[in-house]
Amino acid sequence: MKKTSTTSAKKSKAYHRKSPFSIHELLNLPYRIELMPLPKEDGGGYLASIPLLKGCQSDGGTPDEAIKNLHEAQRAWFESAQKHNDPIPIPQK
């Protein structure tokens, strides 16, 4: 009979717990935003990202537009993470 590790199974379940926060609550947490200008040879504008949320970024022609687009990307990031039971990092105070 083959032994299975209960420790790794427990870790797996902890890793895939659902977030105790709703999308609305997550959107109101103080995630740090990075904003940087894009080179003219890349089309110009601005790139906004949330470093804590891997791959959560967007761009826009102005800083305000990039941040507005980022908030839409952030909502989609949270919805996808919840749908797939992926962990959602919470910012530290």
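Here is how the numbers come out for the structure above:
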item	result
Residue list for the range 42-59, restricted to those being modelled with pLDDT of 95 or more, over 20 Å from Glu79 (Cβ atoms) and not small (Gly, Ala, Ser)	Tyr46, Leu47, Asp59
Top-ranked residue in the range 6-27 [being outside any helix (DSSP H, G or I) and surrounded by 10 or more Cβ atoms within 10 Å (Cβ to Cβ); ranked as modelled with the lowest pLDDT]	His16
Those residues of the range 40-55 which are in a strand (DSSP E or B) and under 17 Å from Ile88 (Cα atoms), in sequence order	Ser49
Matching residues, the range 56-90, being outside any helix (DSSP H, G or I) and under 11 Å from the mean Cα position of the chain (by Cα)	Cys56, Gln57, Asp86, Pro87, Ile88, Pro89, Ile90
Sole exception among (1) touching a Gly at 6+ places or on another chain (Cβ under 8 Å); (2) under 22 Å from Lys93 (Cβ atoms) for Thr62, by number	(2)
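The values are calculated or read from the model by the stated rules, or taken from the named source; none is laboratory data. What you see is a predicted model; the values in this text were computed from it and never measured. No Cβ is skipped: glycine too gets one built from the backbone with ideal geometry, and neighbour counts run over all protein chains shown.
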